[in-house]
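To start, the structure itself, in structure tokens.
The values are calculated or read from the model by the stated rules, or taken from the named source; none is laboratory data. Computed from a predicted model, the values in this text were never measured in an experiment. FYI the Cβ positions are ideal-geometry reconstructions off the backbone, even for glycines, and counts take in every protein chain you see. All accessible areas refer to the heavy atoms of the entire protein, side chains included, with ligands and DNA or RNA removed. Shrake-Rupley method; radii C 1.70, N 1.55, O 1.52, S 1.80 Å.
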Amino acid sequence: MHGKAKDSWRIATKAIHGFGGGDPHTGSVSLPIYQTSTYAFKDSQHGADLFQGEAEGYIYSRISNPTVQAFEREIACLEGGEVGHGFASGMAAIFNAVMTECKSGDSYVVSETVYGGTHALNEHVMPRFGVKAIEVDATDLNKVEDAIKKAKNCKVLLFETPANPTLAILDIKELTELGHKYNLTVMVDNTFATPILQRPLEHGVDVIIHSTTKYISGHGDVVGGCVVAKKEFMDRLDVDVYIDTGATMAPLSAWLLLRGLKTLPIRMAKHCENAHKIAQFLAFHPKVTKVHFPGLKSHPGYELAKRQMSDFGGMIAFEIKGGFEDGKKVMDAVELHTVAVSLGDCDSLICHPASTTHSTYEKDQREAAGILDNMIRISVGIEDPRDLMDDLNQALRAI
Ligand SMILES: Cc1ncc(COP(=O)(O)O)c(C=O)c1O
């Protein structure tokens, strides 16, 4: 397979001609799916040398696989980082990244508005390993600094921006400087933005995390995750957590993700364009009380998003007149949108975070994080936006 990306190439060229292309042995223009669990050693000494790190090559696909490696090189190239690492899911990526820095007795500070699975990891899983997560309103730097100061053996500052599902925008540069002031490893979940719209490593962040299930796949057919960071961090991740816990990305997933990356720049452009139109339409709709979309001037993160993102993304949350039951009525009335969790697909997906993706929060925590009962989230797809607006319009008549 070719590893030919040039630094001078723009991101859309890198996405197509980076590290996923072809097979020099056969001329196949599509990268082979190396569907193998194990690799033959030349002889017993070769096997021993590979295990000792004295020879380069493949041992076993839980450790590494050529198709997965091509994806890892490609995502590192797009994020502008040293090394990429594939995982079985976004949650596996977050767990591995945090556990690389934290052991029993340590803690990490994390933004309070995050994907519900990340919240559940913070609240339910990490304490089982003696690791404490402190969730904080990360739009307020003073609160973050207070939380870091109070935390015992704090090792990591982790945040999501734009945040799922409220689309809150956090200041990557300022939070990173703050984290580094206290020697923390700063990690950003870049799932909503993708490297096309936001490259946190350029703001000094140490570790990028993605659920590749979302925009990077783009077609709703893969569950995967990845981390991009410096080699020094990734070597520790491999040895201390990954290899012996085994949340491995499958070769077929890597191949589908490489295919997804080729169209990521044009898909993101269309997601952004459609989302902007739909956010403007909802902002004037009489049944809608508030629209959360960072591309609207009324959004508190508008100026910041303009500075740190190249466009505003394809996700919208909005609040409707009424409560939980009215939200359900709207969801049951849509015809074109698919009522489903997940996001980033070509198809528009609509969900009610309070009862689904973020039901892991206690009600008071959820409200503090701005995830309200009357909030609906849309992952705006790449259909004709006029059809999407017609569908929302007729669905909103249900209330
Ligand atoms: C922002 C964000 N991070 C992480 C995850 C978890 O990813 P996965 O479902 O691939 O484990 C999700 C899932 O929705 C997400 O939205």
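Quick look at the values:
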quantity	calculated
Residue in segment 226-233 that is without any contact (Cβ under 8 Å) to a residue 40 or more places away in the chain and either open to solvent by 10 Å² or more (accessible area, probe 1.4 Å) or at negative phi (or both) present	yes
Options G53, G47, G57, G80: the member that is away from the ligand (no atom under 16 Å from the Cβ), closer than 18 Å to K262 by Cα and surrounded by fewer than 24 Cβ atoms within 10 Å (Cβ to Cβ)	G80
Any hit, segment 36-43, residues being in the same structural domain as I209 (by TED's automatic domain parsing) and part of a helix (DSSP H, G or I)	no
Any hit, segment 346-363, residues being open to solvent by 60 Å² or more (accessible area, probe 1.4 Å), part of a helix (DSSP H, G or I), farther than 25 Å from R267 by Cβ and touching a helix residue (DSSP H, G or I) at 6+ places or on another chain (Cβ under 9 Å)	yes
Options P32, P66; residue that is touching a residue at least 12 places away in the same chain (Cβ under 8 Å), open to solvent by less than 30 Å² (accessible area, probe 1.4 Å) and under 23 Å from L264 (Cα atoms)	P66
Breaking point among (1) away from the ligand (no atom under 14 Å from the Cβ); (2) surrounded by 23 or more Cβ atoms within 10 Å (Cβ to Cβ); (3) assigned by TED's automatic domain parsing to the domain that holds F71, for G246	(2)
Residue within segment 107-116 that is open to solvent by 20 Å² or more (accessible area, probe 1.4 Å) and within 15 Å of the ligand (Cβ to nearest atom) present	yes
Considering residues of segment 152-202 that are on the phi < 0 side of the Ramachandran plot and hydroxyl-bearing (S, T, Y) only, the residue nearest to the ligand (Cβ to nearest atom)	T191
Residues that are open to solvent by 30 Å² or more (accessible area, probe 1.4 Å) and over 23 Å from R199 (Cβ atoms), drawn from segment 265-299	K277, Q280, F281, A283, F284, P286, K287, T289, K290, K297, S298
M99 vs. criteria near the ligand (Cβ under 10 Å from one of its atoms) and open to solvent by 10 Å² or more (accessible area, probe 1.4 Å)	no
Output for segment 122-151, where each listed residue is surrounded by fewer than 20 Cβ atoms within 10 Å (Cβ to Cβ), hydrophobic (A, V, I, L, M, F, W, C) and within 16 Å of the ligand (Cβ to nearest atom)	V125
Condition check for E174: in contact with a Leu (Cβ under 9 Å, 6 or more places away or on another chain), at pLDDT 95 or above, open to solvent by 40 Å² or more (accessible area, probe 1.4 Å) and among the acidic types (D, E)	yes
